1. Condition test on Leu119, is it buried (at least 23 other Cβ atoms within 10 Å of the Cβ), closer than 25 Å to Val245 by Cα and modelled with pLDDT of 95 or more?
2. Give region 197-215 a look and list any residue that's surrounded by 19 or more Cβ atoms within 10 Å (Cβ to Cβ) and modelled with pLDDT of 90 or more, or say none.
3. Hey, can you tell me all the residues within region 240-292 that are at pLDDT below 90, crowded, with 16+ Cβ neighbours inside 10 Å and among the basic types (Lys, Arg)?
4. For the structure I just gave you, tell me whether Ala147 is crowded, with 18+ Cβ neighbours inside 10 Å, at pLDDT 95 or above and either touching a Gly at 6+ places or on another chain (Cβ under 8 Å) or at positive phi (or both).
5. Find all pairs meeting these conditions: Cβ atoms under 6 angstrom apart; at least six residues apart or on different chains; first residue within region 147-170 and among the hydroxyl-bearing types (Ser, Thr, Tyr); second residue not in a strand (DSSP E or B).
6. Tell me which residues, restricted to region 73-106, are surrounded by fewer than 20 Cβ atoms within 10 Å (Cβ to Cβ) and farther than 17 Å from Ile59 by Cα.
7. One residue is enough: does region 285-304 have a residue meeting the conditions among the β-branched types (Val, Ile, Thr), within 16 Å of Leu151 (Cβ to Cβ) and in contact (Cβ under 8 Å) with a residue 40 or more places away in the chain?
8. Under 7 Å by Cβ, and 6 or more places apart or on different chains, what pairs join a residue from region 59-79 that is within 18 Å of Leu150 (Cβ to Cβ) and free of Cβ contacts under 8 Å to residues at least 40 places away in the same chain with one that is basic (Lys, Arg) and buried (at least 22 other Cβ atoms within 10 Å of the Cβ)?
Amino acid sequence: METENKINDLMIEKYSWQNLENKISVTQYPSTELINGISSGQIYIKKYEALKKDPARNITIFLLHDLGQYHGRFNYFINWTRLKMPGISFVAIDFVGHGLSSGTRGHFEHFDSLVTDVLELVTGKIKNNTQNEKWLLMGHGLGGIVALDLLNRFQSKISHKIDGIILSNFILKFESIFLQIEESAPFRKLKLTNLISHSRPLRLQKSEDVLICPKEILRYEQDPLIIHRPTLNVLKEIHLKMASVYQDSYFLDKPMMLLTSLGTGDLQKKGIDYFAKGIKKDLLREKKYTHNKHDLYNDSERVNVFEDIMDWIKIYEN
């Protein structure tokens, strides 16, 4: 095992990174989701190296965004951290059909493809064990479910790489008559399932349910990379995954931080509270925010969120 670790430390990442300014670089690789045997698109990855080194801290945070969003929704958090916390780097992914990744906008065929795309990223990046590098998974909304499913299903491949998990507002519930119609026997008999699965009958959320700050609401509405109406198939895939992902997560043995906005719906708050009861208390830290809505990283009191995350990291980094 020691020899294997030394070999891994000498390996070069298998992706070709294009350097941008300010220690930022980007790369792409084919999505693991196949349509008629062909990859459904290129997955966009952005890496932000720490602006300053810290001999006592070498942390990489993998950022997994929410449904309809993309890596840019973490910009406030990334910029704040890079200025104030030496030794912390970020790697952000855009899910297929989102942000700067290709594929049909706001659509994926299978939830599992999101998970295997992240698996490809994590296993393709080399963790430098000789420099005591620590990796954290940070998932918001949909990204939280992806993070949990990744750890549940691929523990043997990545458990030794991931040192902690940060999850925020990750309970997603969709109540839609369209889901019920699509699953009904008469509708399936008409063979119209594929047609309705690619329809976009629902707007995810009103802007005022996502953010409080008027300036940020306007920015959210005008952002061309935000997807307000995903396909019904996306909602169905998430709905199906919800049945198992939380129960399976009770066996996780990683330090975990849960962030919840109390300005969101009761279903989400109760769901996260229920989930937290199954996590070992010595591994869990919870933070709840009265004055923030769903998008914790862009709302008016976001700095409080950033400071709480950094306080938690300081506890577990040693």
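The values are calculated or read from the model by the stated rules, or taken from the named source; none is laboratory data. Model, not experiment: these values are computed from the prediction. Every residue, glycine among them, receives a Cβ derived from its backbone with ideal geometry; neighbour counts consider all protein chains shown.
1. Judged against the criteria, Leu119 is not a match.
2. Correct list: Val210, Leu211.
3. Correct list: Lys241, Lys269.
4. yes
5. Ser168/Leu296
6. Passing the criteria: Asn75, Tyr76, Leu100, Ser102, Thr104, Arg105, Gly106.
7. Checked against the condition, which is being among the β-branched types (Val, Ile, Thr), within 16 Å of Leu151 (Cβ to Cβ) and in contact (Cβ under 8 Å) with a residue 40 or more places away in the chain, region 285-304 yields no hits at all.
8. Close Cβ pairs (under 7 Å, with a partner that is basic (Lys, Arg) and buried (at least 22 other Cβ atoms within 10 Å of the Cβ)) amount to His71/Lys46.
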